[in-house]
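Report on one structure; see the data block that follows.
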Amino acid sequence: MELKSACRMLLFPVQMFYYIVRASLFSLLPSRRKDLSKEVVLITGGGRGIGRHLAKEFAKQGARKVILWGRTEKCLKETAEEISLSGTECHYFICDVANREEVYKQAKVVREKVGDVTILVNNAAVVHGKSLMDSDDDSLLKSQHINTMGQFWTTKAFLPRMLELQHGHVVCINSILSQSPIPGAIDYCTSKASSLAFMESLTLGLLDCPGVGCTTVLPFHTNTEMFQGMRLFVYNCCHLGISTYNMFPHLFPPLKPEVVAQRTVDAVRADKAFLYLPWTMHALVILKSFMPQVALEEIHKFSGTYTCMNTFKGRT
């Protein structure tokens, strides 16, 4: 028994190396994209921002039906009308994902009126944009309820039917701030870190469930109303006579929401589990995993991320 255990220990590094090399090679090969013509896509926070562009992109890529959830009827209606004009059937429902009973109730209405949801996109999110001591309790709770707990309720509402059909996909629009937090957005960073843990656990839990997959998208700062006024650290070295943006224009570009939407839909079609946008965010996560805290603090001071939320206005 001891000899068998020793052999397993010796083989373990070899096996890990094999799986890493194998996965790396497969990632370089062009993968087959799945057809969306039979998919019914539900997008939370689908009336504006990234959600609106996701709805348009899924419709463009051939989704059979698109369903929008959100709290603002005006935005939902405008987006639904635009998609319907493009030739794709689109429905919208008023739903606050932070309200568990409302999620379950509207999920039942969706099944009855539209049909089974086969792609769930958890996109709804809010950001308070203040330090811990400047934040009121209700605002902090709101961020956690919408950004994190909302995913629990929507996934519980739609995943069982996907498992029954052996066909479905759960998507989460997360943020790189879940792995590399910044000051001034403690509510958002915390909720997104929880959301990432939820998706990582869910992805592993569905490995033995044929036909059902997950995709987690971790984008860098995206130009949407939600982060209006946020000052990007790539511009904050002017006091040193340095323009970081000019030095590294391709490493840290602010993302366009339509690009995030395009890459997200492509990742879903390719059954990709995790998507970092841009690709340089991989390096950021790797560096953080082994750099000492003192070095990370110096980088934050140099780049100006300590003050990047000082001009934050958010969605007006």
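When all alpha-carbon pairs of the range 85-131 are counted, what percent fall beyond 17 Å?
The proportion of pairs with Cα distances above 17 Å equals 48 percent.
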Set the Förster distance to 35 Å, then compute FRET efficiency between residue 258 and residue 165 from the Cβ-Cβ distance, nearest 0.05.
0.70
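Counting only other residues whose beta carbon sits under 13 Å from that of residue 122, what net charge do I get with K and R as +1, D and E as -1?
Details: positive: 156, 192; negative: none.
Within the 13 Å Cβ shell, the charges total +2.
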Rounded to whole Å and sorted largest first, what semi-axes of the equivalent ellipsoid does the C-alpha gyration tensor of the range 33-129 yield via the square root of 5 times each eigenvalue?
20, 16, 12
Sorted from fewest to most neighbouring beta carbons within 10 Å, what does the list 149, 133 look like?
133, 149
Shape descriptors of the range 132-202 over alpha-carbon atoms, Rg and Dmax in angstrom, are 14.1, 47
Quick calc: nm separation of the 7 Å Cα→Cβ label points for residue 266 and residue 101 -> 4.5 nm
Highest mean packing first, using Cβ neighbours within 10 angstrom, the peptides 119-128, 52-61, 89-98, 201-210 sort as 119-128, 52-61, 89-98, 201-210
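No value in this document is a laboratory result; all are computed from the given coordinates. Computed from a predicted structure; not experimentally measured. We place every Cβ from the backbone using ideal geometry, glycine too, and count neighbours over all the protein chains shown.
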